[in-house]
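Worksheet: the structure to be examined is printed underneath.
The values are calculated or read from the model by the stated rules, or taken from the named source; none is laboratory data. Just so it is clear, the model here is predicted, and its values are computed rather than measured. Cβ coordinates were reconstructed from backbone atoms using ideal geometry, including for glycine residues, and neighbour counts include every protein chain displayed.
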Amino acid sequence: MRVVVRPIALLVVALGLVLLPAGPARAATPLVVVMPLTGVVDQVMAGYVHDGLAHAEREGAAAVVLQIDTPGGLLDAMRSITQEILGSPVPVITWVAPQGARAASAGTFITLAGALALMAPGTNIGAASPVGAGGQDLTGTEGQKVMNDTIANITAIAEARHRNVAWAVSAVRNATSSSANEAVSAGAVDGIAATLPDVLAFASGRPLLAGTHTVTLSLEGAQIEELGMNPVQQLLHLLADPNLAFILFVLGAYGLILEFAHPNLVTGALGGVALVLAFIGFGSLPVNLGGLLLLVIALVLFAVDVTVTSHGVITLVGLVCFVLGAGALYTQPGPFEPSAGVAWPVIATMAGFSAAFMLLVVAAAWRVRHRPRLPIGLGGSVADGTVAVPVGMPGSVRRPLTPIGTVYAGGEEWSARSVDGGAMERGAPVRVVGQEGLLLIVERAGPGGSAEVEVAGR
């Protein structure tokens with residue numbers, strides 16, 4: 001027995017000598033995870049907070065710092081974030097920073113939910129009153145229900161974190177907003193911290209609630225881990241920018257217009273993707289349906305102007321609708337939604353782009369409509385007094401031939417049928433082989449044939 005036990009005992013002692021230094025080294029270097037919460041509070045941010053707190057717990061982090069700069073956001077997303085913070089087994093420090101940042105509307109709730117709430121100089125917090133989707137005060141039973149529920153929510157958060165309940169209620173009921181110093185004086189937050197080292201120094205030695213237990217932090221020499229959103233989260237969160245959502249919507253609509261005018265799949269696919277991304281962004285923003293409808297009307301007018309002769313009048317009306325729609329695309333904030341609007345430089349740039357685009361398209365259409373008519377009876381075409389199209393003229397199918405449809409050839413749109421009575425799909429290249437009055441007889445263009453490019457975009 002002694003021969004067996006002694007090697008085992010020596011092995012245990014050796015392992016102990018190797019492993020013992022690792023414990024104090026880890027304890028002497030606490031880990032602090034820093035997560036920036038910037039922009040609109042949406043479901044993407046809620047998922048980011050959930051993943052970040054789970055990561056901090058797995059890594060054995062001593063604390064998590066949420067650096068906040070937000071105009072507000074969605075009610076459901078805000079509730080998800082505050083629930084994650086209140087239930088986190090890792091102490092969560094909320095810090096409104098850098099200077100000039102704000103924790104408005106939904107950001108107020110998130111800040112108050114932190115086990116330790118700090119603000120940088122020159123920041124503000126508050127203005128968390130719920131209002132209607134058009135910015136109006138909520139009245140009647142509905143308004144009272146929303147107000148009471150919101151007050152109860154912020155009261156519960158303030159009580160759980162031992163903050164000034166009266167100030168928290170006032171931020172909701174009266175839209176109270178306070179500077180950093182005022183918030184500290186009112187007991188809404190715990191202190192001022194200009195930099196991250198100031199935050200860690202302020203938190204060290206303080207007992208903080210972490211879930212259901214209390215933790216006293218010791219953060220001297222802490223290792224800092226910056227944990228940002230992953231690329232997919234960054235993209236989806238970026239779409240909530242009101243300017244980007246507007247630009248994607250306009251470009252997506254132009255892509256679909258070009259696809260209908262010149263079927264090629266590329267512009268249609270890109271336009272469809274842009275529109276989907278735009279509507280993802282709209283989902284996190286207070287979109288005004290009236291403004292959106294004006295933009296749609298403007299784009300429809302642009303498309304119509306290339307098919308009729310209006311000397312640019314329709315485009316001018318479309319530009320007026322475009323500017324008005326862009327300016328009214330977003331309403332005043334709804335409950336916990338941020339203030340949003342398309343920047344006027346962006347509106348001016350996109351309106352100028354639209355005007356230049358339409359000028360080129362309309363000019364091309366005018367040239368096509370006013371180019372000399374083809375002579376009668378040339379190339380085997382009819383000579384009975386009707387407008388003729390020479391045999392061999394290339395064109396493209398506009399409306400599917402089943403068996404009669406329309407084709408675009410010789411600068412005009414014609415009724416047509418295939419020479420063998422077969423069907424042809426939209427966009428198919430064809431060649432004129434004959435004419436019966438105003439009905440063209442066509443055949444599918446061979447490998448060397450090509451459909452005429454419709455410059456007019458009809």
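Tabulated data
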item	result
Qualifying residue in the stretch 73-85 (condition: part of a strand (DSSP E or B), among the aliphatic types (A, V, I, L, M) and either farther than 19 Å from T155 by Cβ or assigned by TED's automatic domain parsing to the domain that holds P207 (or both))	no
Extreme residue, modelled with the lowest pLDDT, among residues of the stretch 340-360 that are crowded, with 16+ Cβ neighbours inside 10 Å and not in a helix (DSSP H, G or I)	A340
Residues being crowded, with 19+ Cβ neighbours inside 10 Å, touching a residue at least 40 places away in the same chain (Cβ under 8 Å) and farther than 27 Å from V266 by Cα - total across the stretch 403-441	3
Of all residues in the stretch 142-179 being within 14 Å of A127 (Cβ to Cβ) and among the hydrophobic types (A, V, I, L, M, F, W, C), the one that is surrounded by the most Cβ atoms within 10 Å (Cβ to Cβ)	A171
Residues located in the stretch 222-254, provided they are within 11 Å of the chain's Cα centre (by Cα), crowded, with 16+ Cβ neighbours inside 10 Å and touching a residue at least 40 places away in the same chain (Cβ under 8 Å)	L236, H237, L239, A240, D241, P242, N243, A245, F246, I247, F249
Close pairs from the stretch 168-183: first free of Cβ contacts under 8 Å to residues at least 40 places away in the same chain and assigned by TED's automatic domain parsing to the domain that holds L118, partner assigned to a helix (DSSP H, G or I) and crowded, with 22+ Cβ neighbours inside 10 Å, Cβ under 9 Å, at least 6 apart	V169/I154; V169/A158
Boolean, V64 is in a loop (DSSP other than H, G, I, E, B), modelled with pLDDT of 90 or more and β-branched (V, I, T)	no
Qualifying residue in the stretch 67-81 (condition: among the hydrophobic types (A, V, I, L, M, F, W, C) and at pLDDT 95 or above)	yes
Where A133 falls short, out of the listed (1) aliphatic (A, V, I, L, M); (2) modelled with pLDDT of 95 or more; (3) in a loop (DSSP other than H, G, I, E, B)	(2)
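Residue-by-condition table, conditions (1) at pLDDT below 85; (2) in the same structural domain as A328 (by TED's automatic domain parsing); (3) farther than 20 Å from L37 by Cα:
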| site | (1), (2), (3) |
| --- | --- |
| E220 | no, no, yes |
| E225 | no, no, no |
| L244 | no, yes, no |
| I247 | no, yes, yes |
| V250 | no, yes, yes |
| T267 | yes, yes, yes |
| A274 | no, yes, yes |
| L277 | no, yes, yes |
| G281 | yes, yes, no |
